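Undergrad: Got a structure here, written out as structure tokens. Questions coming.
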Amino acid sequence: MELKTTHRWDLDEQEAIELQHQLALQVMKEDALEPVRYVAGVDVAYSEQNDKLIAAVAILEADSLTLVDTVMVEESVSFPYIPGLFSFRELPPIMKAFEQISILPQLIVCDGQGLAHPRRFGLACHLGVLYDIPTIGCGKTKLSGSYIEPDIQRGSYSPLMDQHEIIGNVLRTQDGVKPVFVSIGHRISLATACEWILKLSPTYRLPETTRQADQIVRKGLKLTQ
């Protein structure tokens with residue numbers, strides 16, 4: 001997969017924050033999707049024994065949710081743990097994984113945040129802008145904002161608010177389970193992002209893209225121990 005935007009990765013904390021502010025201006029918040037035949041999930045997991053991390057990309061056929069391609073990459077951590085700057089730790093190995101995929105996706109779902117980020121530039125936005133591809137942030141937990149708990153039925157949602165701005169939706173993907181936190185990454189509207197997360201979550205709380213990528217990184221972590 002071809003990068004459309006590049007930048008240095010050997011940044012200190014302040015340089016990374018400044019870059020987020022600059023790149024956030026490129027995020028497209030409206031639908032600009034091609035027909036989606038394949039959708040990718042990405043995930044990263046960290047070893048507790050050493051400085052290794054595992055990044056994975058899982059490619060699913062969009063209609064059947066059949067897994068059609070997977071890539072796993074093992075790397076050493078190269079950026080410090082700083083809340084709000086996780087994309088600078090996780091994107092370099094994710095990008096290496098995308099270099100090896102055999103099937104190109106038209107949509108990427110990230111296990112993390114998009115606009116629902118203090119500087120409106122979470123991992124999903126960063127990835128989307130670098131590749132200029134539609135991306136969705138779907139986090140298990142909240143990073144920014146406040147919300148009212150949505151109704152318990154699948155498909156119910158409430159806005160995730162930050163200073164009177166809607167930065168995402170808190171979406172119930174299954175009856176009575178904890179909601180997920182959905183936000184725009186790039187080239188997609190919030191409404192369409194939520195439609196896709198529901199489509200990708202027919203049975204479980206998390207979308208199949210995230211579940212498949214998570215299984216890959218878990219297996220990879222066992223190999224590093």
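Undergrad: Starting from residues that are open to solvent by 20 Å² or more (accessible area, probe 1.4 Å) and in contact with a helix residue (DSSP H, G or I) (Cβ under 7 Å, 6 or more places away or on another chain), keep the ones in the stretch 183-222 and report whichever is nearest to Gly168 (Cα to Cα).
TA: Filtering first and then ranking leaves Arg187.
Undergrad: May I ask you to list the residues in the stretch 136-189 that are without any contact (Cβ under 8 Å) to a residue 24 or more places away in the chain, among the small types (Gly, Ala, Ser) and assigned to a strand (DSSP E or B)?
TA: Ser146, Ser158
Undergrad: Do we have His21 as out of contact with any strand residue (DSSP E or B) (no Cβ under 7 Å at 6 or more places or on another chain), assigned to a loop (DSSP other than H, G, I, E, B) and either modelled with pLDDT of 95 or more or surrounded by 11 or more Cβ atoms within 10 Å (Cβ to Cβ) (or both) here?
TA: Details: out of contact with any strand residue (DSSP E or B) (no Cβ under 7 Å at 6 or more places or on another chain): yes; assigned to a loop (DSSP other than H, G, I, E, B): no; either modelled with pLDDT of 95 or more or surrounded by 11 or more Cβ atoms within 10 Å (Cβ to Cβ) (or both): yes.
No: the conditions fail for His21.
Undergrad: Out of Gln49, Gln26, which single residue is at pLDDT 95 or above and out of contact with any Leu (no Cβ under 7 Å at 6 or more places or on another chain)?
TA: After ruling out the rest, the residue left standing is Gln26.
Here's the yes/no breakdown for (1) over 18 Å from the mean Cα position of the chain (by Cα); (2) within 21 Å of His117 (Cα to Cα):
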position: Gly139; (1), (2): no, yes
position: Tyr157; (1), (2): yes, yes
position: Leu190; (1), (2): no, yes
position: Arg205; (1), (2): no, no
position: Asp214; (1), (2): no, no
position: Lys219; (1), (2): yes, no
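Undergrad: If I ask for residues that are in a loop (DSSP other than H, G, I, E, B), of a type in the set (Val, Ile, Thr), more than 29 Å from Gly145 (Cα to Cα) and touching a Lys or Arg at 6+ places or on another chain (Cβ under 7 Å), which ones from the stretch 45-90 would you list?
TA: Matches in the stretch 45-90: none.
Undergrad: Something else: Can you find a residue in the stretch 128-145 that is of a type outside the set (Gly, Ala, Ser) and on the phi > 0 side of the Ramachandran plot?
TA: Within the stretch 128-145 (the criterion being of a type outside the set (Gly, Ala, Ser) and on the phi > 0 side of the Ramachandran plot), the answer is yes, since at least one residue qualifies.
Undergrad: Take the conditions of a type in the set (D, E, K, R), open to solvent by 60 Å² or more (accessible area, probe 1.4 Å) and either on the phi < 0 side of the Ramachandran plot or in contact with a Phe, Trp or Tyr (Cβ under 6 Å, 6 or more places away or on another chain) (or both) and apply them to Asp151. Does it pass?
TA: It is true that Asp151 is of a type in the set (D, E, K, R), open to solvent by 60 Å² or more (accessible area, probe 1.4 Å) and either on the phi < 0 side of the Ramachandran plot or in contact with a Phe, Trp or Tyr (Cβ under 6 Å, 6 or more places away or on another chain) (or both).
Undergrad: In the stretch 47-75, which residues are open to solvent by 50 Å² or more (accessible area, probe 1.4 Å) and in contact (Cβ under 8 Å) with a residue 60 or more places away in the chain?
TA: The answer is Gln49, Asn50, Lys52, Leu67, Thr70, Met72, Glu74.
Undergrad: Is it the case that the stretch 107-114 has a residue that's under 14 Å from the mean Cα position of the chain (by Cα), outside any strand (DSSP E or B) and acidic (Asp, Glu)?
TA: The answer is yes, given that some residue of the stretch 107-114 is under 14 Å from the mean Cα position of the chain (by Cα), outside any strand (DSSP E or B) and acidic (Asp, Glu).
The values are calculated or read from the model by the stated rules, or taken from the named source; none is laboratory data. It should be emphasised that the depicted structure is a prediction, and the values quoted were computed from it without experimental measurement. Neighbour counts are summed over all protein chains in view; Cβ atoms, including those assigned to glycine, are modelled from backbone coordinates with ideal geometry. Calculation scope for accessible area: heavy atoms of the full protein, side chains included, ligands and nucleic acids excluded. Shrake-Rupley method; radii C 1.70, N 1.55, O 1.52, S 1.80 Å.
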